[in-house]
Amino acid sequence: MNGLFTILDAPAAPAIGWDDLGGILPVLVLLATGSLALVLDLFLKEEASPPVPAGKWPLSFVSLLGTAVAGALLCGHIGAAGKPWSGFLGAVQVDLFSDAIGLIVVLGAAFCLLGAGDALRRRGIEQGEFHALVLYAAASMVLFVQSASLVMVFLSLEALSMAVYILTAFQRDEKRAVEGGLKYFVLGGLSSGFLLLGLAFIYGATRSTNLTDIAGALAGGQPPADSSLLVAGLGLTLIGLAFKVGAFPFHAWVPDAYEGAMSVVTGFMAVAVKAASFGVLLRVAVLFGGAGASGPGSPEARGALLAGISGLAVVTMIFGNLAALAQSSAKRMLAYSAIAHTGYLLVGAVSAMEARPGGEQAAGAGLLFYLFPYALMSLGAFICLSHLGEGAEDRESIDSLRGLAERHPAHALALLVIMVSFAGIPPTAGFWGKLFIFREAIATGHWELALVGILTSIVSVYYYLRLVVAMYMLPQEGGLPAPSLEARIGGKLALAIAAIAVVLVGLFPGIFFQISAACALR
């Protein structure tokens, strides 16, 4: 009885109020829109009204409206330079960095939905479940990068992973899609085990699940309970996150999942999953291995993280670029290219760990800048391959693009801009992104990483320009028949926006870098 009265007399736990919900309003908008798409699909019928097939256009309209509202909320917070906000008992933290990453995620979801209408209609699988899964995945990704608790990090990662697994295998009758989704699921489950064990070790070493509390303890000079346990936990956590970003040697799922999924889904995975995962990886790297971490025991953690991320960056850049050279499939080439770009972004993460609190260089400004043009280039490339497809097949092989400049000059021009930017040829957006990444690496003393990045970027010029040669210099014979593109409005619009945005970022890089620096970690 005494124990019962003790429980009854104990102070009540802090309540979660409306302010907590208001802080994650973009996440709630995405979740609500996804649920609305599921319900709306029950009342829609597939109809065709010549000459343009209408399909289930309300699904795309409602879903895109939801991403627009969520993006506007994120932009509004960035424009107001809002102060960091913490809610749900410290489990969620919203700041300019999480807003910027969230905006890239929402951008990826919007482009995917814009181009998906045509792709789904051609395959006869235009269903509300697809739109809901994209929006649920995007909501989980935004919450993932906002997570300030080890528990919330794991839960949001699992939520986004489940949605992306299903999206990968959404074409249930396509053998490659099911195979890619299954491989992604099995390896993803393995990586989740590494991540969960790593987070448990971090908790055991720091006696806290809250990242803010852990940061405060390290900055105040409080030593972790067990430095070796902390180092082991960080190593396992790095393995789990390295899988999500597709770093070598944890990349095995990337080529098959990218090739098996519909191209619009591949673009979404390449952009949104990578952006959200790098957001969390950068927080962990700066928190435990940044130059400001000065508590006893933190030198070991800092050294382990620096060595681990630097090593991953080098082998990922080399492997991704060399493997892309041997590909005859445009989708597999872009998949290995995505691995190479993961290496460049890891170089940015290493540089971010050297940024000191109060210094001129914000942590991860170059990485954050590079994510935006990379998102535009990846989305544009994969949407173009989807847009040029016929029936259930996307335009995948490089040979199938032969003579594209004669058949569809506007599409060839857009893909030319994107490939040149991927290769990092000035003055494109991709060139500025690599320049800022490598400049930060040299400024922080990691010139060897910058050298590897520059040399491997030179190698990448060959396989990117292979597509350009096929489109402009090879005869049309051997290419697939020219598809009818008159009715594919969504794909045209998405491709045009991506190509124009790549050009604008390349012409005015200073403006976008200033925004990135303002939103970077402090």
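Every number in this text was worked out from the coordinates using simple rules, so none of it is lab data. All figures in this text were calculated on a predicted structure; none of them were measured in a lab. Cβ coordinates were reconstructed from backbone atoms using ideal geometry, including for glycine residues, and neighbour counts include every protein chain displayed.
Over the alpha-carbon set of the stretch 62-164, work out the extent along each principal axis and list the three values in angstrom, largest first.
Result for the stretch 62-164: principal-axis Cα extents of 45, 30, 16 Å.
What FRET efficiency comes out for the pair L44/A496, r = Cβ-Cβ distance, R0 = 35 Å, nearest 0.05? It would help to have the intermediate numbers written out before the result.
Details: r = 27 Å, r/R0 = 0.78.
For L44 and A496, the calculated efficiency is 0.80.
Once the Cβ-Cβ distance between V186 and S328 is put in as r, and R0 is 25 Å, what FRET efficiency do you end up with, to the nearest 0.05? Could you put the intermediate results ahead of the total?
Values: r = 27 Å, r/R0 = 1.07.
Efficiency at R0 = 25 Å is approximately 0.40.
Can you bin the stretch 161-220 into rounded, prolate or oblate? Criterion: square roots of the alpha carbon gyration tensor eigenvalues sorted a ≥ b ≥ c, rounded for a/c under 1.5, prolate for a/b above b/c, oblate for the rest. Don't jump to the answer; show the numbers that get you there.
Working: a/c = 6.03, a/b = 3.38, b/c = 1.78.
In terms of gyration-tensor shape, prolate.
Looking only at Cα atoms, what is the convex hull volume of the stretch 66-125 per residue, in Å³? Let's see the in-between values first.
Working: hull volume 5.8 nm³, N = 60.
Taking only Cα atoms, the stretch 66-125 has a hull volume of 96 Å³ per residue.
Counting other beta carbons within 10 Å of each Cβ, put R176, R283 in order, fewest first.
Numbers: R176 14, R283 25.
Neighbour counts put them in this order, fewest first: R176, R283.
Run through the stretch 395-482 and list the GluC sites (Glu not before Pro) located in a DSSP loop whose Cβ has at most 15 other Cβ atoms within 10 Å. Mind showing how you got there, number by number?
Values: sites: E396, E406, E440, E448, E477; in loops: E396, E477.
Taking the stretch 395-482 and a limit of 15 other Cβ atoms within 10 Å, the loop GluC sites (Glu not before Pro) found are E477.
Could you work out Rg/(2.2 N^0.38 Å) for the stretch 429-481, with Rg from alpha carbons only?
Values: Rg = 16.5 Å, N = 53, 2.2 N^0.38 = 9.9 Å.
It is 1.66.
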